[in-house]
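*Asks:* Below is a structure I'd like to ask you about.
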Amino acid sequence: MSAYGGGHVFYRNPNKSYPTVDRAEGVYVYDTQGKRYLDGSGGAAVVLIGHGIKEIRDALLAQAEKVSFTHGTHFTSEPAIRLAEKLVSMAPPSLSRVYFISGGSEGVETAVKMARQYQVDRGAASKFKVISRWTSYHGNTMGALALSGHTGRRRYHLPLMLHTPHISPAYCYRCPFGSEPGKCGLECAEDLEKTVLYEGPDSVSAFIAEPVVGATAGALVPPDGYFQRIREICDKYDVLLISDEVMTGVGRTGKNFGIDHWSRPDMIVCAKGLGSGYTPLYGVIAGENVHSAIKEGAGNFIHGFTYGQNPQSCAVGLAVLDFIEKNGLIARSAVLGEYLLAKLKTLLRHPIVGDVRGLGLFAGVEFVRDKESREPFDPKMKLNAVIANRAFEKGLITYPGGGGADGIRGDHILIAPPFIITEEQIDFLVAVLDESIGEITREQKLA
Ligand SMILES: Cc1ncc(COP(=O)(O)O)c(C=O)c1O
């Protein structure tokens, strides 16, 4: 219980007792008891540049002194214009317009509606379906949850949701087609073509995927060739490819966008890290074809949120991207990501660590009851949370998750530290995980 009491806050987990945060600096968060935590997951893959950076505070204050809010139907602003220009310069060349919003789920729904309106306004009104993948997460609002492929998060609200087509994930450690990396025919990508044909190409508007799956599976990196093949299928059937970069966006995987490792999308939804925790700010980056179809079609994008494009958040986003550029943080994410992955791989010596994977400073550790059969633990054990809680007690913040194996079973921990993390801090992070996994294995007699 906090020093301020439980009070009237409706917590996500009302049965949990949360420490009260006091302040944060660099990669560290401090609670009101003075305990220090290394932010090994940037919250939930949010904090890219570290906490308490003076340049961001200065930019925030400077903008607040001028103007914090005007509505997007009345004004544009210099920060919005400059931030859009900056993002477009970082995005693949065919993308040229940015629509700002203040949440990832909002961003996913914006992209889906943009795709739909593009199809209607260019004269392909029969195209409306959006295909997504199992073992994916696209957000918790009703539309975004319908696209998400995570049974545990969906099933409570299922009666309220639209039913949309899902294809198999690109999950090499648990290949849904029983193949092995390097020896397969990319059946997971071919599944898109099959599904487009079953659904009817004339009805399919878009395909949405996370380039590297985050929340539901712990940094699932697709096999080489996967997104190249997905691109070909999308082109063949006139389907827009939406890259959901809410977690991978802006440098997390060591390139500007996760999809840059393999292919080019028609739209990018980005990113928790755009505001780096200093403000809720996301953007959908779209191609000129989408923008001009809407401009010349309905003339208006029939969509919008009150806080989208507010000058205050855009000024913060601009300062975050400037800080990333000035300090070469994307290259740092690539280099330190390799260090992190090599260190995390030492955890494979634990009998319950089945897989360690990642790209850039975005990594996952998957737990299994049996390494040979890859059988997951009983979800009632909540093993991912038990290990994460032990690490938290020891001063390390991680992002645990479950359900990767079949929607309900499967345990992993996601690691996504701020890009300013050092090798020594990574050593601490891995040592705490190592200790926590070892202790839980012994205490619960898991081996
Ligand atoms: C890939 C992806 N898309 C969408 C979302 C939803 O973002 P938000 O929680 O800001 O609505 C998340 C959140 O974790 C995500 O990881």
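The values are calculated or read from the model by the stated rules, or taken from the named source; none is laboratory data. All values reported here derive from a predicted model rather than from experimental measurement. Reconstructed Cβ throughout: ideal geometry from the backbone, glycine too, with neighbour counts over all protein chains shown. The area values use the complete protein model at the heavy-atom level, side chains included, leaving out ligands, DNA and RNA. Shrake-Rupley method; radii C 1.70, N 1.55, O 1.52, S 1.80 Å.
*Asks:* Pairs of Cα atoms under 8 Å, at least six residues apart: use those to get the relative contact order of the chain, whole percent.
*Replies:* Details: 927 pairs, mean separation 97.2, N = 447.
So the answer I get is 22 percent.
*Asks:* Something else now. Counting other C-beta atoms within 10 Å, and keeping those with at most 12, which DSSP coil GluC sites (Glu not before Pro) do you find in segment 359-401?
*Replies:* Details: sites: GLU366, GLU372, GLU393; in loops: GLU372.
Hits after loop and neighbour filter: GLU372.
*Asks:* Could you compute how fast segment 238-383 diffuses translationally, taking Rh as the Kirkwood radius over C-alpha pairs and applying Stokes-Einstein at 4 °C with viscosity 1.567 mPa s? Give it in µm² per second.
*Replies:* Answer, rounded: 72 µm²/s.
*Asks:* Here's something else I'd like to know. With a ≥ b ≥ c the root eigenvalues of the C-alpha gyration tensor of segment 163-270, is it rounded (a/c under 1.5), prolate (a/b larger than b/c) or oblate? Could you put the intermediate results ahead of the total?
*Replies:* Numbers: a/c = 1.66, a/b = 1.14, b/c = 1.46.
Cα axes put segment 163-270 in the oblate bin.
*Asks:* While we're looking at this one, here's another question. If you bin every alpha carbon distance in segment 328-438 into 10 Å steps from zero, what whole percent lands in each bin?
*Replies:* 15, 48, 29, 7, 0
*Asks:* I would also like to ask the following. Taking amide H positions as placed in the peptide plane 1.01 Å from N, state which residues far from PHE257 in sequence (5 or more) or on other chains have amide H under 5 Å from it.
*Replies:* GLY251
*Asks:* Taking amide H positions as placed 1.01 Å from N in the peptide plane, with prolines and chain starts having none, which residues 5 or more places from SER96, or on another chain, fall under 5 Å of its amide H?
*Replies:* For SER96, whose amide H was placed from the backbone, the distant partners under 5 Å are ALA286, GLY287, GLU288.
*Asks:* Ok, one more. Cβ under 10 Å from HIS261's Cβ, HIS261 left aside: what net charge do those residues give with Lys, Arg +1 and Asp, Glu -1?
*Replies:* Within the 10 Å Cβ shell, the charges total -1.
*Asks:* Quantify, in whole percent, the carbon and sulfur part of the accessible surface of the chain (1.4 Å probe; protein heavy atoms only).
*Replies:* On the way: 10310 of 19350 Å².
After summing per-atom areas, the C and S share lands at 53 percent.
*Asks:* Based on the Cβ-Cβ distance of ARG12 and ALA125, what FRET efficiency does E = 1/(1 + (r/R0)^6) give at R0 = 25 Å, to the nearest 0.05? Let's see the in-between values first.
*Replies:* Values: r = 40 Å, r/R0 = 1.60.
Plugging the Cβ-Cβ distance into 1/(1 + (r/R0)^6) gives 0.05.
*Asks:* Rank ASN327, PRO400, SER77 by how far each Cα sits towards the positive end of the charge dipole of the chain (+1 on Lys, Arg Cβ; -1 on Asp, Glu Cβ) and give me just the farthest.
*Replies:* Positive-end residue among those listed: PRO400.
*Asks:* First select every other residue whose beta carbon is under 14 angstrom from the beta carbon of GLY249; then total the charges, Lys and Arg +1, Asp and Glu -1. If you can, show how the numbers build up before the last one.
*Replies:* On the way: positive: LYS86, ARG252, LYS255, LYS272; negative: GLU210, ASP244, GLU245, ASP260.
Residues near GLY249 contribute 0 overall.
*Asks:* Hey, if you put +1 on the Cβ of every Lys and Arg and -1 on every Asp and Glu Cβ in segment 37-188, which of HIS163, PRO93, SER41 ends up farthest toward the positive end of that dipole?
*Replies:* Highest projection toward the positive end goes to HIS163.
*Asks:* So which of LYS272/LYS382; LYS16/LYS129; LYS129/LYS382; LYS183/LYS345; LYS183/LYS272 end up more than 32 Å apart by C-alpha?
*Replies:* Values: LYS272/LYS382 26 Å; LYS16/LYS129 39 Å; LYS129/LYS382 35 Å; LYS183/LYS345 23 Å; LYS183/LYS272 35 Å.
Distance filter (> 32 Å) returns LYS16/LYS129; LYS129/LYS382; LYS183/LYS272.
*Asks:* What list of whole percents do you get for P(r) of segment 245-297, with Cα-Cα distances grouped in 10 Å bins up to the one holding the largest distance?
*Replies:* 25, 44, 25, 6
*Asks:* Label segment 1-96 by shape, choosing from rounded, prolate and oblate, from the square roots a ≥ b ≥ c of the eigenvalues of the Cα gyration tensor; if a/c is under 1.5 it is rounded, and otherwise prolate applies when a/b is larger than b/c, oblate when it is not. Could the numbers behind the result be given before it?
*Replies:* Numbers: a/c = 2.15, a/b = 1.85, b/c = 1.16.
It is prolate, given that a/c is not under 1.5 and a/b is the larger ratio.
*Asks:* Using a 1.4 angstrom probe, figure out how much accessible area the chain has per residue, in square angstrom, rounded to the nearest whole. Intermediate values should be presented prior to the final figure.
*Replies:* Numbers: 19350 Å² over 447 residues.
It amounts to 43 Å² per residue over the chain.
*Asks:* Another question about this same structure. Going by the alpha-carbon gyration tensor, a ≥ b ≥ c the square roots of its eigenvalues, is the chain rounded (a/c under 1.5) or, if a/c is not under 1.5, prolate (a/b greater than b/c) versus oblate? Write down the numbers at each step before the final one.
*Replies:* On the way: a/c = 1.68, a/b = 1.15, b/c = 1.46.
Note, shape of the chain comes out oblate.
*Asks:* Let me ask something else about it. When the helix-only estimate is applied to the chain (DSSP H runs of n ≥ 4, each -39,500 (n - 2.57), divided by the residue count), what is the mean residue ellipticity at 222 nm, nearest 500 deg cm²/dmol?
*Replies:* On the way: 13 runs with 156 residues, N = 447.
Rounded to the nearest 500, the figure is -11000 deg cm²/dmol.
*Asks:* Could you sort 376-382, 169-175 so that the peptide with the highest average Cβ count within 10 Å comes first and the rest follow in order? Each step should come with its number before you reach the end.
*Replies:* On the way: 376-382: 16.1, 169-175: 20.4.
Going from most to least packed, we get 169-175, 376-382.
*Asks:* Ok, one more. Using modelled amide H (1.01 Å from N, peptide plane; none on Pro or chain starts), what sits under 5 Å from the amide H of GLU375, excluding residues fewer than 5 places away?
*Replies:* ARG369, ASP370
*Asks:* Return the Rg/Rh value of segment 144-203, two decimal places, where both radii are evaluated on C-alpha atoms and Rh is the Kirkwood radius. List each step's numbers first, then the result.
*Replies:* Numbers: Rg = 13.9 Å, Rh = 13.3 Å.
Rg/Rh: 1.04.
*Asks:* Give the peptides 54-67, 192-205 in descending order of average Cβ contacts within 10 Å, highest first.
*Replies:* Details: 54-67: 14.4, 192-205: 16.4.
Descending packing order for the listed peptides: 192-205, 54-67.
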